[in-house]
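Here's the structure, in C-alpha coordinates; my notes come after.
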Amino acid sequence: MATRGYFAVDIGGTKLSVGVVSLSGEVLSHGRATTPQTNVWDALSDLIKSQLKLTDVELVGCGVGCGGPMTRDGELVSTLHIDEWRDFPLRAKLRDLLQMPVFIDNDAKALVQGEVWCGAVAGQTDVIGMVVSTGVGGGIISGGKILDGRIGNAGHIGHVIVEPDGRLCACGSHGCLEAHASGRSIEAITGKPAAQASPEVIGNTGRLVGRALVSVGAIMDLRSAVIAGSVALGFGEPFFEAVQNELDRSAKIEFIRDFTVCPAGLGQLSPLVGAAAVARNLGCDS
Ligand SMILES: [Zn+2]
(Lines give C-alpha, C1' and ligand atoms only; values in the text may rest on other atoms or scores of the structure.)
Protein backbone atom coordinates (compact mmCIF):
# COMPACT_ATOMS: atom_id res chain seq x y z
CA MET A 1 0.00 0.00 0.00
CA ALA A 2 1.29 3.46 -0.85
CA THR A 3 2.53 5.67 1.98
CA ARG A 4 0.06 8.43 2.85
CA GLY A 5 0.91 12.00 3.70
CA TYR A 6 0.15 15.68 3.49
CA PHE A 7 1.21 18.13 0.84
CA ALA A 8 2.71 21.15 2.65
CA VAL A 9 3.18 24.70 1.37
CA ASP A 10 4.94 27.58 3.13
CA ILE A 11 4.61 31.01 1.54
CA GLY A 12 7.06 33.63 2.78
CA GLY A 13 8.13 37.05 1.60
CA THR A 14 11.59 35.80 0.61
CA LYS A 15 11.05 32.13 -0.16
CA LEU A 16 8.42 29.60 -1.20
CA SER A 17 8.70 26.02 0.13
CA VAL A 18 6.70 22.93 -0.70
CA GLY A 19 7.02 19.36 0.46
CA VAL A 20 5.44 16.06 1.34
CA VAL A 21 5.08 15.24 5.04
CA SER A 22 4.14 11.79 6.37
CA LEU A 23 1.14 11.30 8.65
CA SER A 24 3.62 11.11 11.55
CA GLY A 25 5.30 14.43 10.72
CA GLU A 26 8.38 13.33 8.80
CA VAL A 27 9.35 15.46 5.80
CA LEU A 28 9.68 12.94 2.94
CA SER A 29 10.64 15.37 0.17
CA HIS A 30 10.80 19.12 -0.29
CA GLY A 31 11.77 21.91 -2.62
CA ARG A 32 12.06 25.68 -2.50
CA ALA A 33 12.31 28.78 -4.65
CA THR A 34 12.92 32.47 -4.10
CA THR A 35 9.71 34.49 -3.93
CA PRO A 36 9.76 36.61 -7.10
CA GLN A 37 8.74 40.27 -7.13
CA THR A 38 5.91 39.58 -9.59
CA ASN A 39 3.93 36.55 -10.82
CA VAL A 40 4.22 34.85 -7.44
CA TRP A 41 1.34 32.49 -8.19
CA ASP A 42 3.05 31.25 -11.38
CA ALA A 43 6.26 30.55 -9.46
CA LEU A 44 4.36 28.77 -6.69
CA SER A 45 2.29 26.61 -9.04
CA ASP A 46 5.43 25.60 -11.02
CA LEU A 47 7.14 24.60 -7.77
CA ILE A 48 4.09 22.61 -6.66
CA LYS A 49 3.77 20.81 -10.01
CA SER A 50 7.42 19.77 -10.02
CA GLN A 51 7.20 18.51 -6.43
CA LEU A 52 4.06 16.49 -7.22
CA LYS A 53 5.90 14.74 -10.07
CA LEU A 54 8.58 13.56 -7.62
CA THR A 55 6.33 11.82 -5.12
CA ASP A 56 4.33 8.62 -5.11
CA VAL A 57 2.86 9.32 -1.67
CA GLU A 58 -0.93 9.18 -1.51
CA LEU A 59 -1.82 12.74 -0.51
CA VAL A 60 -4.75 13.15 1.87
CA GLY A 61 -4.81 16.95 1.79
CA CYS A 62 -2.80 20.14 1.61
CA GLY A 63 -1.81 22.39 4.52
CA VAL A 64 -0.52 25.92 3.99
CA GLY A 65 1.31 28.41 6.19
CA CYS A 66 1.17 31.92 4.77
CA GLY A 67 1.96 35.42 6.02
CA GLY A 68 -1.16 37.40 6.92
CA PRO A 69 -3.43 39.14 7.05
CA MET A 70 -6.08 36.88 5.56
CA THR A 71 -9.79 36.25 5.84
CA ARG A 72 -10.89 33.27 7.89
CA ASP A 73 -9.63 29.93 6.49
CA GLY A 74 -7.32 31.75 4.09
CA GLU A 75 -9.98 32.16 1.42
CA LEU A 76 -8.53 35.60 0.58
CA VAL A 77 -4.94 36.44 1.54
CA SER A 78 -3.27 39.86 1.53
CA THR A 79 0.24 38.85 2.60
CA LEU A 80 2.07 42.04 3.58
CA HIS A 81 5.33 41.03 1.90
CA ILE A 82 3.72 40.05 -1.43
CA ASP A 83 2.47 43.32 -2.88
CA GLU A 84 0.44 41.81 -5.71
CA TRP A 85 -1.59 39.60 -3.34
CA ARG A 86 -4.44 41.71 -2.04
CA ASP A 87 -7.57 39.64 -1.42
CA PHE A 88 -5.89 36.92 -3.43
CA PRO A 89 -8.12 33.79 -3.64
CA LEU A 90 -5.36 31.41 -2.53
CA ARG A 91 -7.55 28.60 -1.25
CA ALA A 92 -9.62 28.32 -4.42
CA LYS A 93 -6.50 28.51 -6.62
CA LEU A 94 -4.77 25.72 -4.68
CA ARG A 95 -7.89 23.55 -4.67
CA ASP A 96 -8.13 23.88 -8.46
CA LEU A 97 -4.46 23.05 -8.91
CA LEU A 98 -4.17 20.18 -6.42
CA GLN A 99 -7.66 18.66 -6.58
CA MET A 100 -7.62 17.89 -2.83
CA PRO A 101 -8.82 19.55 0.39
CA VAL A 102 -6.77 22.68 1.23
CA PHE A 103 -6.34 24.19 4.72
CA ILE A 104 -4.62 27.55 5.22
CA ASP A 105 -3.46 29.42 8.33
CA ASN A 106 -1.13 32.19 9.35
CA ASP A 107 2.52 31.04 9.18
CA ALA A 108 3.27 31.60 12.89
CA LYS A 109 0.11 29.73 13.91
CA ALA A 110 1.21 26.92 11.58
CA LEU A 111 4.67 26.86 13.11
CA VAL A 112 3.49 26.36 16.69
CA GLN A 113 1.14 23.58 15.56
CA GLY A 114 4.10 21.76 13.99
CA GLU A 115 6.28 22.25 17.06
CA VAL A 116 3.68 20.79 19.46
CA TRP A 117 3.07 17.94 17.04
CA CYS A 118 6.67 16.73 16.72
CA GLY A 119 9.11 19.56 17.47
CA ALA A 120 10.77 21.15 20.51
CA VAL A 121 7.55 21.40 22.55
CA ALA A 122 6.00 18.09 21.42
CA GLY A 123 2.94 17.14 23.42
CA GLN A 124 2.61 20.46 25.27
CA THR A 125 -0.92 21.82 25.57
CA ASP A 126 -0.25 25.47 26.49
CA VAL A 127 2.53 27.21 24.61
CA ILE A 128 3.21 30.23 22.44
CA GLY A 129 5.21 29.92 19.21
CA MET A 130 6.95 32.95 17.76
CA VAL A 131 8.60 33.74 14.46
CA VAL A 132 11.20 36.50 14.73
CA SER A 133 12.32 37.22 11.18
CA THR A 134 11.52 40.06 8.74
CA GLY A 135 8.51 40.69 11.00
CA VAL A 136 7.45 39.24 14.35
CA GLY A 137 4.54 36.76 14.43
CA GLY A 138 3.03 34.42 16.95
CA GLY A 139 0.51 31.67 17.55
CA ILE A 140 -0.86 30.26 20.80
CA ILE A 141 -1.83 26.69 21.69
CA SER A 142 -4.24 26.81 24.65
CA GLY A 143 -5.71 23.66 26.16
CA GLY A 144 -4.20 21.69 23.28
CA LYS A 145 -5.92 23.74 20.56
CA ILE A 146 -4.73 26.57 18.35
CA LEU A 147 -6.33 29.84 19.39
CA ASP A 148 -8.05 31.64 16.51
CA GLY A 149 -9.71 34.66 18.10
CA ARG A 150 -12.49 36.65 16.50
CA ILE A 151 -11.29 36.52 12.88
CA GLY A 152 -8.26 34.24 13.12
CA ASN A 153 -5.56 36.67 14.28
CA ALA A 154 -5.03 35.53 17.88
CA GLY A 155 -1.39 35.37 18.95
CA HIS A 156 -0.11 38.47 17.14
CA ILE A 157 2.58 39.13 19.76
CA GLY A 158 4.43 41.44 17.36
CA HIS A 159 1.97 44.19 18.26
CA VAL A 160 2.25 43.91 22.02
CA ILE A 161 3.68 47.25 23.17
CA VAL A 162 7.07 46.83 24.82
CA GLU A 163 8.46 50.40 24.79
CA PRO A 164 6.31 53.33 25.95
CA ASP A 165 6.54 56.03 23.23
CA GLY A 166 8.78 53.71 21.23
CA ARG A 167 9.35 53.57 17.48
CA LEU A 168 6.54 53.96 14.97
CA CYS A 169 5.31 50.51 13.91
CA ALA A 170 4.13 49.60 10.40
CA CYS A 171 0.69 49.11 12.00
CA GLY A 172 0.54 52.81 12.95
CA SER A 173 1.11 52.40 16.67
CA HIS A 174 4.28 53.15 18.66
CA GLY A 175 6.53 50.82 20.64
CA CYS A 176 5.22 47.48 19.32
CA LEU A 177 7.60 44.52 19.68
CA GLU A 178 7.76 44.31 15.87
CA ALA A 179 8.92 47.94 15.67
CA HIS A 180 11.97 47.06 17.81
CA ALA A 181 12.75 43.35 17.38
CA SER A 182 12.00 42.46 13.75
CA GLY A 183 14.81 42.10 11.22
CA ARG A 184 13.46 45.08 9.33
CA SER A 185 13.40 47.27 12.46
CA ILE A 186 16.85 46.19 13.64
CA GLU A 187 18.23 47.15 10.23
CA ALA A 188 16.47 50.53 10.38
CA ILE A 189 17.77 51.21 13.91
CA THR A 190 21.37 50.07 13.44
CA GLY A 191 21.92 50.68 9.71
CA LYS A 192 23.08 47.06 9.37
CA PRO A 193 21.31 43.77 8.60
CA ALA A 194 20.28 41.79 11.68
CA ALA A 195 22.90 39.17 10.78
CA GLN A 196 25.58 41.76 11.68
CA ALA A 197 23.97 42.92 14.93
CA SER A 198 26.22 43.68 17.93
CA PRO A 199 25.98 41.68 21.18
CA GLU A 200 24.24 44.69 22.70
CA VAL A 201 21.52 44.71 20.01
CA ILE A 202 21.07 40.94 20.32
CA GLY A 203 20.71 41.24 24.10
CA ASN A 204 18.24 44.09 23.85
CA THR A 205 16.15 42.24 21.26
CA GLY A 206 15.99 39.22 23.54
CA ARG A 207 15.02 41.38 26.50
CA LEU A 208 12.10 42.94 24.59
CA VAL A 209 10.90 39.56 23.33
CA GLY A 210 11.00 38.30 26.93
CA ARG A 211 9.05 41.34 28.09
CA ALA A 212 6.26 40.67 25.59
CA LEU A 213 6.21 36.97 26.52
CA VAL A 214 5.69 37.76 30.21
CA SER A 215 2.58 39.81 29.38
CA VAL A 216 1.16 37.15 27.08
CA GLY A 217 2.01 34.39 29.57
CA ALA A 218 0.09 36.16 32.33
CA ILE A 219 -2.95 36.69 30.11
CA MET A 220 -2.95 33.18 28.66
CA ASP A 221 -1.78 31.18 31.71
CA LEU A 222 1.18 29.62 29.93
CA ARG A 223 4.86 29.37 30.67
CA SER A 224 6.43 27.85 27.61
CA ALA A 225 7.58 29.53 24.40
CA VAL A 226 9.23 28.22 21.25
CA ILE A 227 10.87 30.63 18.83
CA ALA A 228 11.80 30.25 15.17
CA GLY A 229 12.66 32.72 12.40
CA SER A 230 15.89 33.76 10.72
CA VAL A 231 16.65 36.59 13.16
CA ALA A 232 16.12 34.58 16.35
CA LEU A 233 17.86 31.43 15.08
CA GLY A 234 20.64 33.53 13.50
CA PHE A 235 21.30 35.31 16.83
CA GLY A 236 21.37 31.90 18.52
CA GLU A 237 22.38 31.22 22.11
CA PRO A 238 22.99 34.83 23.32
CA PHE A 239 19.49 35.80 22.14
CA PHE A 240 17.78 32.87 23.86
CA GLU A 241 19.77 33.58 27.03
CA ALA A 242 18.59 37.20 27.02
CA VAL A 243 14.96 36.12 26.56
CA GLN A 244 15.29 33.62 29.41
CA ASN A 245 16.94 36.22 31.70
CA GLU A 246 14.04 38.59 31.16
CA LEU A 247 11.54 35.78 31.83
CA ASP A 248 13.40 34.92 35.06
CA ARG A 249 13.43 38.60 36.07
CA SER A 250 9.82 39.50 35.27
CA ALA A 251 7.64 36.36 35.35
CA LYS A 252 6.93 36.57 39.06
CA ILE A 253 3.30 35.69 39.60
CA GLU A 254 3.13 32.07 40.72
CA PHE A 255 1.47 30.49 37.67
CA ILE A 256 4.04 31.79 35.19
CA ARG A 257 7.17 31.28 37.30
CA ASP A 258 9.63 28.93 35.59
CA PHE A 259 8.54 30.30 32.18
CA THR A 260 11.00 28.80 29.71
CA VAL A 261 11.92 29.53 26.11
CA CYS A 262 13.55 27.25 23.54
CA PRO A 263 14.46 27.40 19.84
CA ALA A 264 12.25 25.61 17.28
CA GLY A 265 13.21 21.93 17.11
CA LEU A 266 12.51 21.30 13.45
CA GLY A 267 14.96 23.88 12.08
CA GLN A 268 14.61 24.81 8.43
CA LEU A 269 11.84 22.24 7.96
CA SER A 270 9.72 23.66 10.77
CA PRO A 271 7.45 25.73 8.46
CA LEU A 272 6.62 22.71 6.28
CA VAL A 273 5.81 20.48 9.25
CA GLY A 274 3.71 23.37 10.57
CA ALA A 275 1.84 23.61 7.28
CA ALA A 276 1.13 19.87 7.40
CA ALA A 277 -0.06 20.27 11.00
CA VAL A 278 -2.63 22.83 9.81
CA ALA A 279 -4.17 20.20 7.49
CA ARG A 280 -3.96 17.55 10.22
CA ASN A 281 -5.62 19.74 12.87
CA LEU A 282 -8.39 21.01 10.62
CA GLY A 283 -9.77 17.53 10.16
CA CYS A 284 -7.64 16.08 7.41
CA ASP A 285 -6.15 13.36 9.57
CA SER A 286 -6.29 10.15 7.61
ZN1 LIG B 1 2.39 47.36 15.60
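Of (1) without any contact (Cβ under 8 Å) to a residue 60 or more places away in the chain; (2) out of contact with any Pro (no Cβ under 8 Å at 6 or more places or on another chain); (3) more than 16 Å from the ligand (Cβ to nearest atom), Val121 satisfies all except one. Which?
Val121 satisfies all of (1) without any contact (Cβ under 8 Å) to a residue 60 or more places away in the chain; (2) out of contact with any Pro (no Cβ under 8 Å at 6 or more places or on another chain); (3) more than 16 Å from the ligand (Cβ to nearest atom) except (1).
Every residue, every condition in (1) surrounded by 17 or more Cβ atoms within 10 Å (Cβ to Cβ); (2) more than 26 Å from Glu26 (Cβ to Cβ); (3) among the polar types (S, T, N, Q), yes or no:
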site: Asp105; (1), (2), (3): yes, no, no
site: Ala108; (1), (2), (3): yes, no, no
site: Gln113; (1), (2), (3): yes, no, yes
site: Val116; (1), (2), (3): yes, no, no
site: Ile128; (1), (2), (3): yes, no, no
site: Gly135; (1), (2), (3): yes, yes, no
site: Gly139; (1), (2), (3): yes, no, no
site: Gly144; (1), (2), (3): no, no, no
site: His156; (1), (2), (3): yes, yes, no
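Determine which member of the set Ile219, Ile202, Ile189 is within 16 Å of the ligand (Cβ to nearest atom) and either β-branched (Val, Ile, Thr) or more than 18 Å from Leu111 (Cα to Cα) (or both).
Selected residue: Ile189, the only one of Ile219, Ile202, Ile189 that is within 16 Å of the ligand (Cβ to nearest atom) and either β-branched (Val, Ile, Thr) or more than 18 Å from Leu111 (Cα to Cα) (or both).
Quick check on Thr38: is it in a loop (DSSP other than H, G, I, E, B), in contact (Cβ under 8 Å) with a residue 24 or more places away in the chain and within 28 Å of Ile219 (Cβ to Cβ)?
no
Take Ile82 and tell me if it is outside any loop (DSSP other than H, G, I, E, B) and outside the structural domain of Leu222 (by TED's automatic domain parsing). Step through it out loud before you land on a result.
Working: outside any loop (DSSP other than H, G, I, E, B): no; outside the structural domain of Leu222 (by TED's automatic domain parsing): yes.
It is false that Ile82 is outside any loop (DSSP other than H, G, I, E, B) and outside the structural domain of Leu222 (by TED's automatic domain parsing).
Please determine whether any residue of segment 272-284 is touching a strand residue (DSSP E or B) at 6+ places or on another chain (Cβ under 7 Å), of a type in the set (S, T, N, Q) and farther than 21 Å from Gly166 by Cα.
Checked segment 272-284: at least one residue is touching a strand residue (DSSP E or B) at 6+ places or on another chain (Cβ under 7 Å), of a type in the set (S, T, N, Q) and farther than 21 Å from Gly166 by Cα.
Among Ala212, Ala195, which is the only one that is within 15 Å of the ligand (Cβ to nearest atom) and either within 19 Å of Glu246 (Cα to Cα) or in a helix (DSSP H, G or I) (or both)?
Sole residue among the options that is within 15 Å of the ligand (Cβ to nearest atom) and either within 19 Å of Glu246 (Cα to Cα) or in a helix (DSSP H, G or I) (or both): Ala212.
Can you tell me how many residues within segment 50-72 are charged (D, E, K, R), assigned to a helix (DSSP H, G or I) and in contact (Cβ under 8 Å) with a residue 40 or more places away in the chain?
Total satisfying the criteria: 1.
Mind checking which pairs have a first residue in segment 169-185 that is in the same structural domain as Arg211 (by TED's automatic domain parsing) and part of a loop (DSSP other than H, G, I, E, B) and a second that is among the acidic types (Asp, Glu) and more than 8 Å from the ligand (Cβ to nearest atom), Cβ under 7 Å, 6 or more apart or different chains?
Gly175/Glu163; Gly175/Asp165
The values are calculated or read from the model by the stated rules, or taken from the named source; none is laboratory data. Everything numeric here is computed off the predicted structure, so don't read it as measured data. Heads up, the Cβs are rebuilt from the backbone with ideal geometry, glycines too, and the neighbour counts pull from every protein chain shown.
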